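A short reminder: the numbers here are calculations on the coordinates, not readings from a lab. Every value quoted in this text rests on a predicted model; they were computed, and no experiment measured them. Cβ sites come from the backbone with ideal geometry, for glycine too, and all protein chains shown count toward neighbours.
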Amino acid sequence: MKLFANLTILGIPALLSLAVVPLSSEVSGPQPLARSLDCPAVECPLLKGAPQTTGMRSGFVRLKPGATVGWHTTGRNEEALVILRGQGEALIDGQQKHTFVAPAFAYIPPSTRHNVVNTGHELLEYVYVVAAAKQQ
């Protein structure tokens with residue numbers, strides 16, 4: 001009932017303007033989505049950048065004990081890691097290792113060479129999100 005009370009406060013012109021808002025299926029560009037993290041591969045893309053997003057990419061990683069993703073760089077992007085399960089280390093070129101245990105979060109700045117290693121005895125599972133960094 002409260003919903004209808006709020007609608008009457010908006011008035012007829014406001015309700016008519018709501019009627020011309022396009023449905024999500026009519027809008028071009030990135031669209032909302034939900035995806036399962038049930039993936040048999042080591043790395044599974046979740047978001048692939050344009051046209052799915054305006055530039056963000058994301059994926060789900062599953063590393064066996066002792067495994068590594070390998071050294072790579074973020075380039076002009078920044079990266080966030082959301083550790084869902086397990087434990088490991090974020091190795092950053094020129095820095096001490098960053099140890100983590102799930103649940104955890106790690107941030108990798110732009111132009112940073114790094115690696116992720118599973119140091120535990122169970123699977124290490126995490127989601128990474130990569131986006132273009134604001135140039136300073």
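Residues with amide H under 5 Å of Ala104's amide H, sequence separation 5 or more or different chain, H placed in the peptide plane at 1.01 Å from N; which?
Ile83
Under the rule of at least 5 residues apart or a separate chain, name every residue whose amide H is placed under 5 Å from the amide H of Asn77.
Distant-sequence amide H within range of Asn77: Ser111, Ala133.
Report the local net charge at Lys134: Lys and Arg +1, Asp and Glu -1, summed over other residues whose C-beta lies under 11 Å from its C-beta.
0
First check a/c for region 60-134, with a ≥ b ≥ c the square roots of the eigenvalues of its C-alpha gyration tensor; if it is under 1.5, answer rounded, and if not, answer prolate when a/b is larger than b/c or oblate otherwise.
In terms of gyration-tensor shape, prolate.
Between Lys64 and Arg113, what is the label-to-label distance in nm when each label sits 7 Å out along the Cα-to-Cβ direction?
For the pair Lys64/Arg113, the computed spacing is 2.8 nm.
Between His121 and Thr54, 0.36 nm times their residue separation minus their Cα-Cα distance comes to what?
Gain on stretching His121 to Thr54: 20.4 nm.
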